[in-house]
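The structure appears below as structure tokens.
Laboratory data are not the source of any read-out in this text; all were calculated from the coordinates shown. Values in this document were obtained by computation on a predicted structure and should not be read as measured data. Note: ideal-geometry Cβ built from the backbone for every residue, glycine included; neighbour counts use all protein chains shown.
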Amino acid sequence: MNKIGVLGTGTMGAGIIQVLAQNGYEVVLRARRETSVEKGIATVNKNLDRLVAKEKMTAEEKDAVMARIHGSTDINIVADADLIIEAATEDMESKKALFAELDQLCKEGTIIATNTSSLSITEIAAATNRPDKVIGMHFFNPVPAMKLVEIIKGLATSDETRDTILELTKNLGKTPVEVEEAPGFVVNRILIPMINEGIGILADGVAKAEDIDQAMMLGANHPMGPLALGDLVGLDVCLAIMEVLHAEYGDDKYRPHPLLKKMVRAGKLGRKSGEGFFNYN
Ligand code: CAA
């Protein structure tokens, strides 16, 4: 495997691009808008500058990493990739349309992975004529820092596809964990309801936002509290995952808290919008 395509240049896409390029892969990225292509490349550039400033990478090494990254708004840029990792909007219908398009476009042997955080791999794969080559490859935010990748087979994913992705994940310096297809997989089924509960505690007036986070950092040894984590993940993403958990399991313990909904309606999405439960401006 040499050339890897990445679709989407948001928080997750940019992190995935960086990790791939840092580990020697040639990366072709595609975003729908020119500004998104530029923003994705600029994010990687900024992150690498930080590594150079910390003397974890030389300026020459950084240039070599950046030279391995090529972007376009034209989806044909990924046509001859050996693997494609989709990290686009978390919406089933748009993912299905994208996978159907990729299936027509790509080489016969190309594996198409999705970074979906909670949607069904089987359903996405069914939009293609190569469901054996479709797999879930779920990274965590911030991608360069987080060691885990959840690997999720759909109903038709072949063992060969799984083994290829397990090997790639290790080559990226990450630890794969195989997970059966289930809403939220492992991490999000635990983590996102915990964030939702933190929001409920805030709404109930049990403690201030800073104190809820402090309590979980010092009382449960979490690196960051649930509200700051919600802001990092994106409150819109948290809401979308809660909605999938609630709809799929049909259990009210997964009901998104009204305050979470209200924050999203107000456009307070966390770090990416500059404000969530905390201010980032
Ligand atoms: N981008 C790239 N690298 C980053 C980064 C970012 N935004 N933030 C931190 N890092 C890197 C740093 O460069 C540093 O790496 P080095 O040791 O190689 O220099 C390392 O992470 C530690 O960073 P810091 O020392 O600056 O900060 P910290 O010790 O406070 O750690 C943290 C920051 C890694 C974010 C830590 O607070 C943490 O682990 N938080 C929890 C994150 C988490 O739970 N993520 C999962 C969210 S759920 C998800 O992503 C799944 C989903 O589908 C929604």
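Residue by residue through segment 18-31, which ³J(HN,Hα) values in whole Hz follow from phi under the Karplus form 6.51 cos²θ - 1.76 cosθ + 1.60 (θ = phi - 60°), with glycine and proline marked x?
4, 5, 4, 5, 5, 9, x, 7, 7, 10, 10, 10, 9, 10
For helix 187-203, report the angle its Cα long axis makes with the longest principal axis of the Cα atoms of the chain; keep it between 0 and 90° and round to the nearest 10°.
Rounded to the nearest ten degrees, it is 30.
For residue 6, list long-range residues whose amide hydrogen, built 1.01 Å from N in the peptide plane, is under 5 Å from its own amide hydrogen.
Those lying under 5 Å, H to H, from residue 6 are 28, 29, 30, 85.
Can you run phi through the Karplus equation (6.51, -1.76, 1.60; θ = phi - 60°) for segment 161-167 and list ³J(HN,Hα) in whole Hz, with x for Gly and Pro?
4, 4, 5, 4, 6, 4, 5
What trypsin sites (Lys or Arg not before Pro) in segment 181-281 are in a loop by DSSP, with at most 11 other Cβ atoms within 10 Å of the Cβ?
Here the trypsin sites (Lys or Arg not before Pro) that fit, given the DSSP loop and packing criteria, are 208.
If you take every DSSP beta bridge fully contained in the chain, what fraction is antiparallel? Give it as a percent rounded to 5.
Just about 20 percent of them are antiparallel.
From the helices alone, meaning DSSP H stretches of at least four residues, give me the mean residue ellipticity at 222 nm for the chain, per-run term -39500 (n - 2.57), in deg cm²/dmol to the nearest 500.
Value at 222 nm, helices only: -14500 deg cm²/dmol.
In degrees, nearest 10, range 0 to 90: what is the angle between the Cα axis of helix 235-249 and the longest Cα principal axis of the chain?
90 degrees
Nearest 5 percent is fine: what portion of the DSSP beta bridges confined to segment 34-170 is antiparallel?
Just about 35 percent of them are antiparallel.
So which GluC sites (Glu not before Pro) in segment 56-164 are both in a DSSP loop and have at most 16 other Cβ atoms within 10 Å of their Cβ?
Counting only loop positions with at most 16 other Cβ atoms within 10 Å, the GluC sites (Glu not before Pro) in segment 56-164 are 108.
Can you pull the Kirkwood radius for the chain, inverse mean 1/r over Cα pairs, to one decimal in Å?
Over the chain, the inverse of the mean reciprocal pair distance is 19.5 Å.
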